[in-house]
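The values are calculated or read from the model by the stated rules, or taken from the named source; none is laboratory data. Just so we're clear, the structure is a prediction, and the values are computed from it rather than from any experiment. Glycine gets a Cβ as well: all are built from the backbone with ideal geometry, and neighbour counts include every protein chain shown.
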Number of protein chains: 2
Amino acid sequence: MYFSKSFIPILKNNPSEAKIKSHQLMLRTGMIKQSSSGIYSWLPLGFKVMKKIEKIVREEQDRIGAQEILMPTIQSSDIWKESGRYEDYGEEMLRIKDRQNREMLYGPTNEELVTEIFRSSTKSYKSLPQLLYHIQWKFRDELRPRFGIMRCREFYMKDAYSFDISDEEALFSYNKFFLSYLKTFKRLELSAIPMAADTGPIGGNLSHEFIILADTGESKIYTDKRIFDVEYEKTTLEKKSLENLRNKYDKFYSVTDDKFNKSDFENSVNENNRLVTKGIEVGHIFYFGDKYSKPMKASVDYQGKKIFVKMGSYGVGVSRLVGAIIEAKYKDKDEIMKWPLSVSPFDCAVIPLVNKNDDTNLLKAIKIYEYMKSKNIDVIIDDTEENFSSKIKKFNLLGVPYQIMIGKKSENDLIEFKEIGSDSKYLKIDKIIELISNKKK
Amino acid sequence: MYFSKSFIPILKNNPSEAKIKSHQLMLRTGMIKQSSSGIYSWLPLGFKVMKKIEKIVREEQDRIGAQEILMPTIQSSDIWKESGRYEDYGEEMLRIKDRQNREMLYGPTNEELVTEIFRSSTKSYKSLPQLLYHIQWKFRDELRPRFGIMRCREFYMKDAYSFDISDEEALFSYNKFFLSYLKTFKRLELSAIPMAADTGPIGGNLSHEFIILADTGESKIYTDKRIFDVEYEKTTLEKKSLENLRNKYDKFYSVTDDKFNKSDFENSVNENNRLVTKGIEVGHIFYFGDKYSKPMKASVDYQGKKIFVKMGSYGVGVSRLVGAIIEAKYKDKDEIMKWPLSVSPFDCAVIPLVNKNDDTNLLKAIKIYEYMKSKNIDVIIDDTEENFSSKIKKFNLLGVPYQIMIGKKSENDLIEFKEIGSDSKYLKIDKIIELISNKKK
């Protein structure tokens, strides 16, 4: 991508309406643009990051055997009346009347609709377990949307649903998602900790939030530091192995504000291990048994009886993760962002010092750019006439993790190469390509 | 994928509410499920096909240098009042009041929003041309939704927008999309013909619909047969080459009902070449100059003046294409569907004859299945105990283009292999894999 042809509208300064760093950086680097209160358009840079996050989320869902579907954004109120949540949900639900005056709504979540799909499709316990997920836009009509895409109204979410014959099997499904979430966040280079959580309007009696640490987080958290050292890499998708994993986490006190109890915390966590800080919720999983299947009569035949299926639901905020990664990775004091390579909008930036009357550097840069593209490196080249130092400043915000500088000293075939936040090295182009390709694996 | 674990709810018979073959087949093979009038959920089989179509559409947009963004589904009425379309659009626009009583709407199209994004981001003519597209859910509140996803209310669409400095440059952008659409539909194994069309509520004075022939189509078309022989394969993305292509098409009379004129048709088309038939619209492109940029003040600086940018818009119905392909490929008399390999939910089906007390065939089938998967063939295996002939019947509807049958005669290493609609061959497994892999390229 040539920067001069790209649609990346950069702002010179932090926009005054943005109070947290993800909101600031996303507006400043033209990742998003607000279209109305709490509603954003995703411009090419932000879109690319979000799509890469989506892909990782999807792959980890597929890996545990979940099947992807896609439910519509607009739902009928009928099924919400069946479950009893239509009145309960309050003003956050965007209610709509269509031209025939039918009551519709923009789905804030999909327990009802997926239960309806399940009950009309599945009759026998032999088809269980069934794990279904979709990645779709949701709408919650927040009274005061703020913090950019972190607390907005229209947001992109992966929500999965499990259907099982018994509590025991349902717990097995729950634990599969528990593990898959740990792996998902790890691939995004986030260290997310699972915390016992309230179930809120979803319901049920078992729930975990996955929280990443960030000073600007909205949730206050109280935890035992040692929870960060729990190892899950060797856990397999076997029932026993997953139970062991859950036990390892459950040993450590780890809760959000809602569930905090001072004496419990002090009794169960040695002073040296106490960590009180802030975090951002990036995932939330629930087990709620037959809360929806019973009123909506979603049952399967089992040994001559009709059994209401046991269900759980599992959410990851895909659009929110874009902001969460920035909150975790952006050093706003130095104005340096570094995207994890797995979700970076580009692998490498080629930044030539371009003089008006001398195109030597630009031509050299284009040659490098073309060569890297031919080797499957996704490169952006800054072909503009902007001065060199403001180019560097701009790219430090754009956060492409690798930079190639073609400046004054560029004479032989050793190229100035830099990982953002580290010192420059002088390497041959093939060495640079090898280095980036290895990191991409 | 094991059929027994899949979420593919098959119906035994054609559902009575479905009047056209795409609607029948999609319900029967569990590709979609209606959730309310004109609103559908996409189940795994349908979802996979739609995603593959989306990928092809995306690749062909990227190839002409269009950049992908993502605009929200919910828009403010303000920008529609600026363009003057808020009142005009009528009842097909789903109008919404949020909790603060603000007038919102579910976007039926995005000319206004993309113009707003452009005007606030781009100041100089040097950034032109700019081609932006997104693939997003739209809503049109049809009075009488029908024909399944062919005329529904919530639908998935690619819409692109071009911004240029002059009519001449804008026409160049228009022609790039013209070519890219021909290539897109070709990759979907559809022969789509461009036809001069009315511009309707989008506006402007130049427009083409891309129509595929189908008996069940909603549009009546009048065309010169020779238009099917126009060659576009050698056309490049140069201005001159694209103009030549347009001229080659413009030579042949080819219109829909709206533009039909009997004497024009008879005068310009030799009797032998006249074709009067029905078709389905799968794409629609428009050039409308400054229709939106002028009232919305989207201008760029050029030689000391402010010039309103010249715009066009370019739509492809991604969800509709799923139905259109079925209309074109499904032989409902024989109950045989064959998906183009490029969008088929699976590359190959492995269908063993399974006896209750003898798992020889099933084990052999599983071995073949695993081996093919290891060679990157996407396979579905029917591991159920359903009888062999109803399995075959089912898979003829599912439309996976290649089938491997493990039946009675299965004794040596020659495997019964079939392309749907052709005769069986007996081949070694590696030969089959080679054959499918070559077709996938």
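Right, A:E434: at pLDDT 95 or above and surrounded by fewer than 16 Cβ atoms within 10 Å (Cβ to Cβ) or not? The answer is yes for A:E434.
The rows are residues; the columns are (1) buried (at least 20 other Cβ atoms within 10 Å of the Cβ); (2) of a type in the set (F, W, Y); (3) at pLDDT below 95; (4) in contact with a Lys or Arg (Cβ under 8 Å, 6 or more places away or on another chain).
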position: A:E60; (1), (2), (3), (4): yes, no, no, yes
position: A:E68; (1), (2), (3), (4): yes, no, no, yes
position: A:E82; (1), (2), (3), (4): no, no, no, no
position: A:G90; (1), (2), (3), (4): no, no, yes, no
position: A:R102; (1), (2), (3), (4): no, no, no, no
position: A:Y106; (1), (2), (3), (4): yes, yes, no, yes
position: A:R119; (1), (2), (3), (4): no, no, no, yes
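How many residues are in a loop (DSSP other than H, G, I, E, B) and crowded, with 17+ Cβ neighbours inside 10 Å if we restrict to the stretch B:175-203? Write out each step before concluding.
Looking only at the stretch B:175-203, we keep the residues that are in a loop (DSSP other than H, G, I, E, B), and these are B:188-191, B:197-199, B:203.
From what is left, the residues that are crowded, with 17+ Cβ neighbours inside 10 Å are B:188, B:190, B:197, B:203.
So the answer is 4.
Looking at the stretch B:226-260 only, could you name the residues that are closer than 18 Å to B:G279 by Cα and either outside the structural domain of B:R274 (by TED's automatic domain parsing) or exposed (fewer than 14 other Cβ atoms within 10 Å of the Cβ) (or both)? Matches in the stretch B:226-260: B:F228, B:D229, B:D257, B:D258. Being in contact with a Phe, Trp or Tyr (Cβ under 8 Å, 6 or more places away or on another chain), over 26 Å from B:P145 (Cα atoms) and touching a residue at least 12 places away in the same chain (Cβ under 8 Å), is that true of even one residue in the stretch B:80-88? Among the residues of the stretch B:80-88, at least one is in contact with a Phe, Trp or Tyr (Cβ under 8 Å, 6 or more places away or on another chain), over 26 Å from B:P145 (Cα atoms) and touching a residue at least 12 places away in the same chain (Cβ under 8 Å), which makes the answer yes.
Of the residues making up the stretch A:1-20, those that are charged (D, E, K, R) and within 14 Å of A:R146 (Cβ to Cβ) are A:E17, A:K19.
Restricted to the stretch B:417-431, and to residues that are without any contact (Cβ under 8 Å) to a residue 60 or more places away in the chain and hydrophobic (A, V, I, L, M, F, W, C), which residue is surrounded by the most Cβ atoms within 10 Å (Cβ to Cβ)? That would be B:F417. A search for C-beta distances below 9 Å between a residue of the stretch B:393-404 that is at pLDDT 95 or above and any residue that is among the basic types (K, R) and part of a strand (DSSP E or B), counting only pairs 6+ apart in sequence or on different chains, returns B:Y402/B:K418; B:Q403/B:K418; B:I404/B:K418. The number of residues in the stretch A:1-34 that are in a loop (DSSP other than H, G, I, E, B), aliphatic (A, V, I, L, M) and closer than 15 Å to A:L398 by Cβ comes to 5. A search for C-beta distances below 7 Å between a residue of the stretch A:104-132 that is within 16 Å of A:I307 (Cβ to Cβ) and any residue that is hydroxyl-bearing (S, T, Y) and part of a helix (DSSP H, G or I), counting only pairs 6+ apart in sequence or on different chains, returns A:P129/A:S173. As a summary of the residue check, B:I202 satisfies the conditions (1) in contact with a strand residue (DSSP E or B) (Cβ under 7 Å, 6 or more places away or on another chain); (2) within 26 Å of B:V49 (Cα to Cα) except for the one numbered (2). Being surrounded by fewer than 24 Cβ atoms within 10 Å (Cβ to Cβ), within 20 Å of the chain's Cα centre (by Cα) and within 14 Å of chain B (Cβ to nearest Cβ), is that true of even one residue in the stretch A:205-217? Among the residues of the stretch A:205-217, not one is surrounded by fewer than 24 Cβ atoms within 10 Å (Cβ to Cβ), within 20 Å of the chain's Cα centre (by Cα) and within 14 Å of chain B (Cβ to nearest Cβ), which makes the answer no.
Tally the residues that are more than 23 Å from A:S77 (Cα to Cα) and part of a strand (DSSP E or B), restricting the search to the stretch A:293-309.
Total satisfying the criteria: 6.
The lone criterion from (1) over 26 Å from A:N175 (Cβ atoms); (2) surrounded by fewer than 23 Cβ atoms within 10 Å (Cβ to Cβ); (3) among the hydrophobic types (A, V, I, L, M, F, W, C) left unmet by A:I64 is number (1). Can you tell me which residues in the stretch B:5-46 are more than 9 Å from chain A (Cβ to nearest Cβ) and among the aromatic types (F, W, Y)? Passing the criteria: none in range.
I'm trying to understand the selection: among the residues of the stretch B:390-404, which are among the aromatic types (F, W, Y) and touching a helix residue (DSSP H, G or I) at 6+ places or on another chain (Cβ under 7 Å)?
If we filter the stretch B:390-404 for residues that are among the aromatic types (F, W, Y), which is where we start, we get B:395, B:402.
B:Y402 - this is the single residue of the stretch B:390-404 that is among the aromatic types (F, W, Y) and touching a helix residue (DSSP H, G or I) at 6+ places or on another chain (Cβ under 7 Å).
For A:G407, the stated conditions hold: it is of a type outside the set (S, T, Y) and in contact with a helix residue (DSSP H, G or I) (Cβ under 7 Å, 6 or more places away or on another chain). On the given criteria, is B:S173 touching a residue at least 12 places away in the same chain (Cβ under 8 Å) and within 14 Å of chain A (Cβ to nearest Cβ)? In short, yes.
The combined condition, being more than 30 Å from B:I368 (Cα to Cα) and modelled with pLDDT of 95 or more, is not fulfilled by B:S16. Among the residues of this structure, B:D164 does not count as one that is in contact (Cβ under 8 Å) with a residue 24 or more places away in the chain, more than 17 Å from the chain's Cα centre (by Cα), within 9 Å of chain A (Cβ to nearest Cβ) and more than 20 Å from A:M31 (Cα to Cα).
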